[in-house]
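**Q** My structure is below; once you've seen it, I'll send some questions.
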Amino acid sequence: MTARIGVVTFPGSLDDRDTQRAIKLAGAEPVALWHKDKDLKQVDAVVLPGGFSYGDYLRAGAISRFSPVMETVIEQAKSGMPVLGICNGFQILTEAHLLPGGMLGNDHLHFICRDQKLRVENAGTSWTADYESGQEIHIPLKNMDGRYVADEHTLDMLEAEGRVAFRYVDFNPNGSLRDIAGITNEAGNVVGLMPHPEHAVEPLIGSGRTDGLPFFTSILKKLVNA
């Protein structure tokens, strides 16, 4: 049976189609999900893609967090369903309290778009198992509100529990505390990051690298072997 991975489209989503293509290239079946529909169509995992849902009004991800589909995503994530939040999807996961902390505007107050070096800090999650801890990868980054923040207690907890999934290397593009680019929940089924792995899955387009493809092969193997 082919693994089915849902990709939610919110008003203002930009990268839902790119994410669906990345899922297909990895060998799974992408399933389009609509923000107003609570039905997840029996998918095995969910991706919240990048973009500017609801125009980032109030706060990035603050309105999308209350979309009907999120009621089911939150419920299923708490029951163990793998969920990946990319850029705006990461913002939504923090607003939904599936991941701790929050996202603020970049410290330089400008939109940034660049090929970003990352270090894999945790290769034990549902979405990172095809990487190795300490591996350095290059993933495209594009955001305006990408500065990860949390109180010192939360930051210390994430570090102590190995829940920092990715860290910026050589250059911190947005002022994220402790160079954090992505984190995971305690169970390892929910991961959020600001860079865009779906833009690094084919050598001829995007960054020209395939460093992002292991996100999607990782979850495929997790689902097939479950």
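**Q** Among Val47, Val169, Val73, whose mean-square fluctuation peaks in a Gaussian network model of the chain (Cα, cutoff 10 Å)?
**A** In this elastic network of the chain, the residue with the biggest mean-square fluctuation among Val47, Val169, Val73 is Val169.
**Q** Return a single number: how many Lys pairs in the chain, at a sequence separation of 8 or more or on separate chains, have alpha-carbon atoms below 18 angstrom apart.
**A** So the count of such lysine pairs works out to 7.
**Q** Follow-up. Taking springs between alpha-carbon atoms closer than 10 angstrom, which of His110, His196, His35 fluctuates most in the Gaussian network model of the chain?
**A** Answer for the Gaussian network model of the chain: His110.
**Q** List every residue whose amide H lies under 5 Å from the amide H of Ile5, counting only residues 5 or more places away in sequence or on a different chain, with H placed 1.01 Å from N in the peptide plane.
**A** Here the answer is Glu29, Val31, Asp44, since their amide H atoms fall under 5 Å of that of Ile5.
**Q** Round to a whole number: what % of the accessible area of the stretch 1-58 belongs to carbon and sulfur, probe 1.4 Å?
**A** That share works out to 51 percent.
**Q** Report the label-to-label distance for Leu58 and His97 in nanometres (one decimal), using points 7 Å from each Cα along the Cα→Cβ vector.
**A** Going from the Leu58 label point to the His97 one covers 1.5 nm.
**Q** When the Cα atoms of the chain are enclosed in a convex hull and the volume is divided per residue, what value in Å³ results?
**A** Dividing the Cα hull volume of the chain by its residue count gives 106 Å³.
**Q** Additional query: Once the cut-off is 16 Å, how many percent of the Cα-Cα pairs in the stretch 26-145 end up in the long-distance tail?
**A** Here the tail beyond 16 Å accounts for 66 percent of pairs.
**Q** Only sites in a loop by DSSP and with at most 12 other Cβ atoms within 10 Å count here; which chymotrypsin sites (Phe, Trp or Tyr not before Pro) in the stretch 103-135 make the cut?
**A** Phe111
**Q** If you stretched the chain out fully between His110 and Lys41, how much longer would it get, using 0.36 nm times the residue separation minus the C-alpha to C-alpha distance?
**A** Here the segment from His110 to Lys41 would lengthen by 21.0 nm.
**Q** What accessible area per residue comes out for the chain, rounded to a whole number of Å², with a 1.4 Å probe?
**A** 43 Å²
**Q** Net charge around Pro173, counting only other residues with Cβ within less than 11 Å of its Cβ (Lys, Arg = +1; Asp, Glu = -1)?
**A** 0
**Q** What residues have an amide H closer than 5 Å to that of Asp37, excluding those fewer than 5 places away on the same chain, when H is modeled at 1.01 Å from N in the peptide plane?
**A** Residues meeting the amide H criterion: Val69.
**Q** Report the gain in length on full extension from Ala160 to Val224: 0.36 nm times residue separation, minus Cα-Cα distance, nm rounded to one decimal.
**A** 20.0 nm
**Q** When Lys and Arg each count +1 and Asp and Glu each count -1, what net charge do the other residues less than 15 Å away from Leu98, Cβ to Cβ, add up to?
**A** Overall, the nearby charge balance is -1.
**Q** Considering only protein heavy atoms and a probe of 1.4 Å, how much of the accessible area of the stretch 129-205 is carbon and sulfur, as a whole percent?
**A** 51 percent
**Q** For Ala32 and Thr210, calculate 0.36 nm times their separation in residues minus their Cα-Cα distance, and state this gained length in nm to one decimal.
**A** 61.8 nm
The values are calculated or read from the model by the stated rules, or taken from the named source; none is laboratory data. Quick caveat: nothing in here was measured; it's all calculated off a predicted structure. No Cβ is skipped: glycine too gets one built from the backbone with ideal geometry, and neighbour counts run over all protein chains shown. Calculation scope for accessible area: heavy atoms of the full protein, side chains included, ligands and nucleic acids excluded. Shrake-Rupley method; radii C 1.70, N 1.55, O 1.52, S 1.80 Å.
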